[in-house]
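Okay, structure first, notes after.
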Amino acid sequence: MEQTKALNALEPFLALTKSASSPRAAADLITRATSAPNTFVFAELLSAPQIQALSSSEEYNSHLTLLKIFSYGTYTDYKATAGLPELNEAQTLKLRQLSFLSLAKKHADLTYANLLKSLGLETPRELEDLVISAIYGGLVNATLDPYNQLVAVSSVSPLRDLQPNSIPAMLSTLNEWSARCVSTLADLEKQIAKIRAEAQKRHKEETEWTAHVEKLMEDNKNKDKEEKSTGGAFAGIGRKLGGGSASKRGMDGEDDDNMEIDDDDGDDERQTRSAKKNKAFKALAGFSGFGK
């Protein structure tokens, strides 16, 4: 979104390049474009024929160099290059913002001390104001840490142009990134294959264990059946043996009864004989008395 906003802000100046027929007009267009709010990308303006024609102008060639610095350079580059036009207040702020953006994109040392040196600032308060303006301008998402004297950047907007001949380096970086991605994917596939193999092994072990447990249960069940069957057979034998004893006991009972009957018969005979003897004694006793 911020890039679209910056491109839209540059559109009026691109239209004016058609009327910038003189080096002075082209140089003035550069000054106005780099001073305007929300103009942060300058590649299209830099490639315009009227602007490129400044390279052959000794008087205004420095304006072309200045535009290149605004396009992909830094404040340090500006200070290190002699003969450049003086910057107005708006240009100075914008070039420092763009320089901070480049430092944040390169993951440079973002301590207060390093930023103060790189951006040409004198106090931490000036640095904090610059970072705040970059945040509100949509250039970065960052957090100030005054206690640790550090600026923590979480994201950077794509608002810097590419340097000339930077495409091969970018391609090399992208190829390295692609190779790392391929390697990472290969490692992930290996890990996935390993996890699947372990899962299959666990499943096989669980299946075998379940089958083993079921077999043990079945064996125990069959063993219980055999024990019950064996116990029934012994019970039958016991019944047979018990029946014989009972029969014997029955026969013995009969003998006892017979013996009791015999005993009863003997008692009756004895009683009869006793009665006869008593009768005989009575008769003799009577006869004896009659004689007297």
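Here L16, L67, L7 are screened, and the one residue that is assigned by the TED database to the domain that holds G138, within 24 Å of I135 (Cα to Cα), open to solvent by 60 Å² or more (accessible area, probe 1.4 Å) and among the aliphatic types (A, V, I, L, M) is L7. Under the condition of being part of a loop (DSSP other than H, G, I, E, B) and either of a type in the set (F, W, Y) or open to solvent by 90 Å² or more (accessible area, probe 1.4 Å) (or both), the residues counted in the range 134-178 number 5. If the condition is being open to solvent by 30 Å² or more (accessible area, probe 1.4 Å), over 18 Å from G73 (Cα atoms) and assigned to a helix (DSSP H, G or I), then the range 90-127 contributes A113, P124, R125, E126.
Annotation note: of K79, K68, the sole residue that is more than 23 Å from G138 (Cβ to Cβ) and under 48 Å from the mean Cα position of the chain (by Cα) is K68. Close Cβ contacts (under 6 Å, 6 or more residues apart or on different chains) running from residues in the range 76-88 that are outside the structural domain of S118 (by the TED database) to residues that are at pLDDT below 95 and open to solvent by less than 60 Å² (accessible area, probe 1.4 Å) are absent.
For the range 20-50, a residue qualifies if it is under 23 Å from R96 (Cβ atoms), open to solvent by less than 40 Å² (accessible area, probe 1.4 Å) and among the aliphatic types (A, V, I, L, M), and the qualifying residues are A27, L29, I30, A33, A36, V41, L45, L46.
One line per residue, one yes/no per condition, for (1) of a type in the set (D, E); (2) in the same structural domain as L93 (by the TED database); (3) closer than 26 Å to E44 by Cβ:
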{"position": "S118", "(1), (2), (3)": "no, yes, no"}
{"position": "L121", "(1), (2), (3)": "no, yes, no"}
{"position": "L130", "(1), (2), (3)": "no, yes, no"}
{"position": "A134", "(1), (2), (3)": "no, yes, yes"}
{"position": "A142", "(1), (2), (3)": "no, yes, no"}
{"position": "N175", "(1), (2), (3)": "no, no, no"}
{"position": "K190", "(1), (2), (3)": "no, no, no"}
{"position": "A193", "(1), (2), (3)": "no, no, no"}
{"position": "Q200", "(1), (2), (3)": "no, no, no"}
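Is it fair to say L46 is in the same structural domain as L101 (by the TED database) and touching a residue at least 60 places away in the same chain (Cβ under 8 Å)? The answer is yes for L46.
The values are calculated or read from the model by the stated rules, or taken from the named source; none is laboratory data. All of these numbers come straight from a predicted model, not from anything done at the bench. For neighbour counting, all protein chains shown are included, and Cβ atoms are generated from backbone atoms with ideal geometry for every residue, glycine included. Please note that ligands, DNA and RNA were not included when accessible areas were found on the heavy atoms of the full protein model with its side chains. Shrake-Rupley method; radii C 1.70, N 1.55, O 1.52, S 1.80 Å.
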